Every structure is written in structure tokens, then in C-alpha cells.
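Scroll down for the structure; my scribbles are underneath it.
Coordinate-derived values only; no laboratory data. Here the structure is a predicted model, which means the values were calculated and not measured. Note that we place each Cβ from the backbone using ideal geometry, even for glycine, and neighbour counts take in every protein chain shown.
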Amino acid sequence: MGIKEDIENKVAALCKENFTYTATNDIGDSARLGTSCDGLLLEATVMFFEIKNMHHLLREHGKRETLRAYKICHAVLKTVAEAHHAFVNCYAPNAFLIIFPNGQKALSPSVKTALQIRKLLSETLKESFEKHANINYAIGIDFGHILGTKVTSDNEMKHLAWVGTCIDKSKAICAECEKPYLVGISRLVFNQLDESLKVFTKHILGIPKKVEIWSRISYHFGNDKKHLYQTNHQLELEDRPDSTTAK
């Protein structure tokens, strides 16, 4: 069989199949997927993390140090995300998609994760990055339904392909975020946050004062004008992911 015939047969087989899916919040159901037209439908919070200065890193530090920085980012994101019952999808050479599959219950944990990642990358691990390749990054978060399908024969969650409007919106929000406001969330996510993630208490001359964590800005998503909320706030990483102590 020639390559052309092989391709035609594969495409014809995929075109004939009905695309079926399983609605679930258990990512372990990915083990049930084959490589045909089937998928998982999740109600999830999605976080898009982008390394924005990849071209600069390659030019100034070379491929090896750039990949080292990428691997450090992946190690940080994977460890913190898994502590909040999420998983990391290796979305692109300069980006990761972190998926929190536990429906609306994951909204506040996802924002805590983002603020803890900001603390780790911008302060705690800053020297580690500067020794190799200092990254410029941003994070965007939205919530909605996503559909994933398997494109390889293994059961690794990071190898599933995911689509959904909330993924595109999290990417658009990420694109709007710049230093020092490295974390951005959609209005839907903001409206569902715990109050402890909207304000914190700051002591000024010994007097406690409530300070808003988020500032609202406008941006365009497709042909629509939307609002997002961005922050330079950060949280310490703690043993229990349900803590909201601000630093």
C-alpha cells in the first residue's frame, strides 16, 4: 500500500465515524479512550501558561539553556498543579495548559495555583532561572467545557488534544498580561472566587487596611469586547493547598 492510499484510507475511516464522548470529571477515564473518534467532555478550569520571551532565550542563551528553563517551568507547574488535583498538558514548545477537571469546585484552587506559581517563578526560584535563562511569562485562566481526544496510543493525559472556547479565552487573557500583572482571569472566574482571593489585609503604620487584589481591564475576544481581571499578587506555597495566607 502506498503512502497516498494509506492516508486516504485513514481519513476515510475517521470521516465515517460518529464522534462519541464521555461526560466526566474523572480524568482517569482517559484510559478508556482509543485513537478513533471518541473523547472526554470535562467541565473544567483551564490555565494557559506561556513563556513569552522564547526567541530571546534562544538568541541569548542557546537551545540547551532554553530547554533547561522549559524543564524547570514544567517541574514547577506539574508539582504545584498536582497538589491541587490538576494536570499539565505540554501544549507547545513555549506553553503549557493546566487543567483542573473538578468542575466549579476547582475555580478558587486554580487561582491559588497561579498565584503560588507566580511567587515561585518570580521570587523563590529567581536565582535558579537567572543562572541559566531568565524567563518572561504570563498566565491566563477561564472556565468552561473542554473536549479531549487521544492522538497517540499511550494513556498519558499530557498527550491528549483539548479544544474549547475557554482554552482560547485563557490564551487571549494570557496575551493581555504583562509585567508586573502576570496573572489574568476571566470575569466568570472572578465572580466565583472566594472573598479571601479578592482582597487581602495590609497593615499600613500598624493599621489594617483591606486592599483589592485585582484590577479590571477591557480586551477583545474575537469580535466581542470582554473584561478580565489581572493582578501582581502572589501566594506562598504551603503544605495544604486550601490555605489562602497572602504574602
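Quick check on the stretch 12-80: take the gyration tensor over C-alpha atoms, sort the square-rooted eigenvalues as a ≥ b ≥ c, and tell me if it's rounded (a/c under 1.5), prolate or oblate. It comes out prolate by the Cα gyration axes.
Springs between alpha-carbon pairs under 10 angstrom, Gaussian network model over the chain: which of SER108, SER36, SER186 fluctuates most? In this elastic network of the chain, the residue with the biggest mean-square fluctuation among SER108, SER36, SER186 is SER36.
Need one word for the stretch 53-165: rounded, prolate or oblate. Basis is the Cα gyration tensor (sqrt eigenvalues a ≥ b ≥ c); a/c below 1.5 gives rounded, then a/b vs b/c decides. It comes out oblate by the Cα gyration axes.
Mean-square fluctuations from a GNM of the chain, with a 10 angstrom spring cutoff on Cα atoms, peak among LYS63, LYS169, LYS16 at LYS16.
Each other residue within a Cβ distance under 9 Å of GLN116 adds +1 if Lys or Arg and -1 if Asp or Glu, for a net charge of +1. Out of the stretch 1-102, which GluC sites (Glu not before Pro) are coil in DSSP terms and have no more than 12 other C-beta atoms within 10 Å? In loop regions of the stretch 1-102 (DSSP not H, G, I, E or B), the sparsely surrounded GluC sites (Glu not before Pro) are GLU17. Binning the C-alpha pair distances of the stretch 1-115 at 5 Å intervals from 0 yields a P(r) profile of 2, 10, 15, 14, 14, 13, 11, 12, 7, 2, 0 %, listed from the shortest bin outward.
Expressed as a fraction of 2.2 N^0.38 Å, the rule-of-thumb size for a compact globular protein of N residues, what is the C-alpha radius of gyration of the chain? That ratio works out to 1.11. Note on the stretch 172-229 and the stretch 85-142: Cα centroid distance 16 Å, given to the nearest whole angstrom. Here the relative contact order of the chain, from alpha carbon pairs under 8 Å that lie six or more residues apart, stands at 20 percent. To the nearest ten degrees, helix 54-83 and the longest principal axis of the Cα atoms of the chain are 90 degrees apart. Please build a GNM for the chain, connecting alpha carbons under 10 Å apart, and tell me which residue among GLY184, GLY222, GLY164 fluctuates the most. Among GLY184, GLY222, GLY164, the largest GNM mean-square fluctuation belongs to GLY222. Dividing the summed -39500 (n - 2.57) terms of all DSSP H runs of n ≥ 4 by the residue count of the chain sets its mean residue ellipticity at 222 nm at -10000 deg cm²/dmol. In order along the stretch 4-17, the Karplus-derived 3J(HN,Hα) couplings, from 6.51 cos²θ - 1.76 cosθ + 1.60 at θ = phi - 60°, round to 4, 5, 4, 5, 4, 5, 5, 5, 4, 5, 5, 5, 7, 6 Hz, and Gly and Pro are given as x.
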